[in-house]
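Here is the structure we will look at.
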Amino acid sequence: MGMKKSILFAAALLLAVAGAAAEKTVESPYSFEYREIAQKLQGPCAPFEKDGCIVFSAELGPRYVGIAFDFENYQIIHPFMRKSTYDENGDHVNTWYFYILEDVPQTNKIYYRMIIDGLWTTDRLNPNQYYDTQTGIHLSELTVKKRYSAATKASAQVGTGAQADATHFVYKGRSGQKVRLAGTFTKWDSWIYELKETAAGLYELDLPLPAGTYYYVYYIGTERFPDVTNHDRAWTEDGRPISKLVVE
């Protein structure tokens, strides 16, 4: 009888612990918009915008699908997630891959590549492609809504505290960074000018420049990259992209 009571007590304790664990809430690493979009996805399709995000998808078949973007210099591969849908009877309808880009850069065009089972390729569901003559690589191209009004402009009174006849440089990224500017006007010295964080993740600098054509990049630490708010590009002799700016 004592053994039976012990078993019943242990079972009750396990149920109580399970109930307490069920009451605990765990904060989702994904935003509300992300979860809403992911829940409503019905199948693979061409990339599209929804609630400030961009949705990419891929057919089922490969074991792994990833994506890399131009604004990250293709240095980061973001893995796709797998999703399945079922009908009202609980029968399986479809399974595919998807990736939702939340932190959309301030640009109206995004170039990207996909990696499928270890091989770089374009997006099979996106018919728009761009051939990079400098690298000889085909990229997928997507036109998107511009997220931010702030963008690099030559000799214009725009932005926060912009000066007359000054070129307004803009960078949008994570808050708390040190963003430096280097170009032909500094003889590529990146330690002369640093952009100021004027709002969370928004960095700006007003720099008077005489009329002429200039080339420049931004630096964060030792990493250098072109200005994604400025679509005029050029390339160095070793094939690295740089931004081009014409001041009239």
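The values are calculated or read from the model by the stated rules, or taken from the named source; none is laboratory data. Because the structure is a prediction, the values reported are computed rather than measured. Glycine gets a Cβ as well: all are built from the backbone with ideal geometry, and neighbour counts include every protein chain shown. Side chains are part of the model used for accessible areas, which takes the heavy atoms of the whole protein and leaves out ligands, DNA and RNA. Shrake-Rupley method; radii C 1.70, N 1.55, O 1.52, S 1.80 Å.
Considering only Cα-Cα distances, which of the following residue pairs are longer than 20 Å: LYS50/LYS109; LYS40/LYS83; LYS109/LYS187; LYS83/LYS172; LYS145/LYS244; LYS50/LYS145? Long pairs (Cα-Cα over 20 Å): LYS109/LYS187; LYS83/LYS172; LYS145/LYS244. May I ask you to derive the relative contact order of the stretch 37-82, considering only C-alpha pairs under 8 Å and at least 6 residues apart, and to give it as an integer percent? Reported relative contact order: 24 percent. The 1.4 Å probe gives accessible areas that order THR222, THR184, THR122, largest first, as THR222, THR184, THR122. For the pair LYS50 and ALA199 in one chain, pulling the backbone fully straight at 0.36 nm per residue adds 51.2 nm over the alpha carbon distance. The order of PHE71, PHE80 by accessible area, most exposed first and with a 1.4 Å probe, is PHE71, PHE80. Taking amide H positions as modeled 1.01 Å from N, with prolines and chain starts lacking one, the residues under 5 Å from LEU209 and 5 or more places away or on another chain are THR167.
Taking 0.36 nm per intervening residue step and subtracting the Cα-Cα distance, what contour gain separates TYR30 from LEU60 on full extension?
Details: separation 30, 0.36 × 30 = 10.80 nm, distance 2.33 nm.
Once the chain is fully extended between TYR30 and LEU60, it gains 8.5 nm.
Remark: spin-label model distance LYS178-LEU41 equals 3.9 nm, labels positioned 7 Å along the Cα→Cβ axis.
Each residue, THR213 and THR135, gets one label point 7 Å from its Cα in the Cβ direction; the gap between the two is 2.3 nm. Structural descriptor for the stretch 81-156: relative contact order 25 percent, calculated from alpha carbon pairs under 8 angstrom and at least 6 residues apart.
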